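A short worksheet on the structure shown next.
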Amino acid sequence: MGLFNVLTAKISCPDCEEKHDGRIQFKFGDTWQFEYVMGDTITWGGNDIGSAGLKHVKAYGIIESIICPFCNKENIAEEYDIFIKENVIVAAVRIESMKDYLDGNGEYVPFGEEI
């Protein structure tokens, strides 16, 4: 995947329903192994992917481990949409469709005014 950033987010297991801190890799902003949590502001000014001027973006994310740390099943969703509003990470949800990423650059997609 080359250089990327990591978002640590609460991920729910579909089997045991326990939540754990999942590490989701993504490429948006200054991609230099920065660590983020919900509510953090994206860093810019280095190995930039995307643009700080984009108001609403969803970035493609891939989780580092699909194994639930509670029940040890390999059932955690692998791909996520990371929603970024005015450079602030506001949500990470299981990806519903790859279409937007396949039609774009594969890393992020600017989209409408509402998240």
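Computed from the coordinates by the stated procedures, all read-outs in this text should not be read as laboratory data. As the structure is a prediction and not an experimental result, all values here were calculated from the model. Counting neighbours? That spans all protein chains shown, and the Cβs are built from the backbone with ideal geometry, glycine included.
Observations on the model:
- Inter-residue pairs, beta-carbon under 7 Å, first exposed (fewer than 14 other Cβ atoms within 10 Å of the Cβ) and in the range 17-36, second of a type in the set (Gly, Ala, Ser) and not in a loop (DSSP other than H, G, I, E, B), 6+ apart: Lys19/Ser12
- Summed over the range 45-56, the residues that are among the hydrophobic types (A, V, I, L, M, F, W, C), assigned to a loop (DSSP other than H, G, I, E, B) and surrounded by 15 or more Cβ atoms within 10 Å (Cβ to Cβ) give a count of 1.
- In the range 85-115, the residue that is nearest to Thr8 (Cα to Cα) out of those that are within 9 Å of the chain's Cα centre (by Cα) and of a type in the set (Val, Ile, Thr) is Ile89.
- Subset tally (residues that are assigned to a loop (DSSP other than H, G, I, E, B) and either among the hydroxyl-bearing types (Ser, Thr, Tyr) or touching a Gly at 6+ places or on another chain (Cβ under 9 Å) (or both)) for the range 57-76: 3
- Test result for Phe34, touching a Lys or Arg at 6+ places or on another chain (Cβ under 8 Å) and not β-branched (Val, Ile, Thr): no
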